[in-house]
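All remarks here apply to the structure that follows.
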Amino acid sequence: MAATTTTLKTIGSYAAIGDSFTEGVGDPGPGDTFLGWADRLAVLLADQREEHTFRYANLAVRGRLLDQIVEEQVPRAKELAPDLVTFCAGGNDIIRPGSDPDDVAERFEAAVADLTGAVGQVMITTGFDTRGVPVLKHIRGKVATYSAHVRAIADRYDCPVLDLWSLKSVQDRRAWDADRLHLSPEGHTRVALRAAQVLGLEVPADPDQPWPPLRPRGSVDVTRDNIQWAREYLVPWIGRRLRGESSGDHVEAKRPDLLPL
């Protein structure tokens, strides 16, 4: 069943589902919470409506695999039945050794088919181009394969696509947090602006606006940064995987209900 076409004037409610990317990790908010691109998109959408008439939920939880998102978040999104759902999932599956992007995409499509029959519109998201990301550049082919599937799924179910692969501005290292796995506040802002553009909003800034020039870095600086990154982030991440742990263990959705902003 194809998604019902939803115009900006009819987007009065929005629910975001996914993992750490959609939860907003890397973009600190009040207290111990995160903001992130989905929160920022919600603000842009709310600005199109009269005060207090727009409602927003964010069901995303860091570390979640696709099947966990489908089991835990998709039913809640269907229950809420918002005008718009953004669905970004599969990234944590793809980066795992031995994962098959064709299999992940097949399961993702089944979830999209389920969602499009219950909500107004579903926006789905490609992966980032990882060619400049240490470690992750080695799985660039898998990410590209999965992203091609996402675009094909979008065609079959009439879903708008947030194409992160083509967003060149997030290939700058300043778009990423120190852990190199999550976006920085500016990176999240640029993704929110691109998502708004996909939905047809007029945005206050160009998400692909060039960054200011950076001073050249020597090989010693790069090596030092890579060593520090591996010590602080890569080794703990590998350790959690070996122990079967997730950064999202005991974490709950930050905004489980459709509430006014």
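The values are calculated or read from the model by the stated rules, or taken from the named source; none is laboratory data. None of the values given here were measured: they were computed from a predicted structure. Positions of Cβ are backbone-derived with ideal geometry, glycine not excepted, and every protein chain shown enters the neighbour counts. Each accessible area value is taken on the protein alone, full model and side chains, heavy atoms only, with ligands, DNA and RNA left out. Shrake-Rupley method; radii C 1.70, N 1.55, O 1.52, S 1.80 Å.
Before moving on, here are some points about what is shown:
- Surface composition of the range 6-67: carbon and sulfur make up 51 percent of the accessible area, probe 1.4 Å.
- Net charge of Cβ neighbours under 10 Å - reference Asp163; Lys, Arg +1; Asp, Glu -1: +2
- 10 Å Cβ shell holding at most 14 others, DSSP loop, GluC sites (Glu not before Pro): longest site-free stretch of the chain: 52-201
- The label-point distance for His138 and Arg156, in a model that sets each label 7 Å from Cα toward Cβ, rounds to 3.2 nm.
- Karplus 3J(HN,Hα) series, Hz, for the range 35-46 with 6.51 cos²θ - 1.76 cosθ + 1.60 (x for Gly, Pro): 8, x, 4, 5, 4, 5, 5, 4, 5, 5, 5, 4
- Look at the Cα gyration tensor of the range 12-135: its axes a ≥ b ≥ c give a/c of at least 1.5 with a/b at or below b/c, and that counts as oblate.
- Secondary-structure-derived ellipticity at 222 nm for the chain, considering helices only, amounts to -11000 deg cm²/dmol, per-run term -39500 (n - 2.57) for DSSP H runs with n ≥ 4.
- Of all DSSP-defined beta bridges confined to the range 1-114, some 10% are antiparallel rather than parallel.
- Contact order relative to length of the chain, as percent, for alpha carbon pairs under 8 angstrom and 6 or more apart: 26 percent
- Rough spin-label spacing in nm, given labels placed 7 Å along Cα→Cβ, for Leu259 and Gln209: 3.2 nm
- Rounded accessible area per residue of the chain, 1.4 Å, Å²: 49 Å²
- Percent carbon-and-sulfur accessible area, the range 73-115, ignoring ligands, DNA and RNA, probe 1.4 Å: 47 percent
- Relative contact order of the range 84-172, pairs being alpha-carbon contacts under 8 Å that are 6 or more residues apart, as %: 34 percent
- Taking amide H as placed 1.01 Å from N in the peptide plane, Val85 has its amide H under 5 Å from the amide H of Ala15, Gln121, Val122, Met123, each at least 5 places away in sequence or on another chain.
- Counting DSSP beta bridges with both ends in the chain, the antiparallel % (nearest 5): 25 percent
- Contact order normalised by residue count of the range 12-132, Cα under 8 Å, 6+ apart, percent: 30 percent
- Charge dipole magnitude, Cβ of K and R +1, D and E -1 - the chain, Cα centre, debye nearest 20: 840 debye
- Extension gain for Val251 to Lys168 (0.36 nm times residue separation, less C-alpha to C-alpha distance): 26.7 nm.
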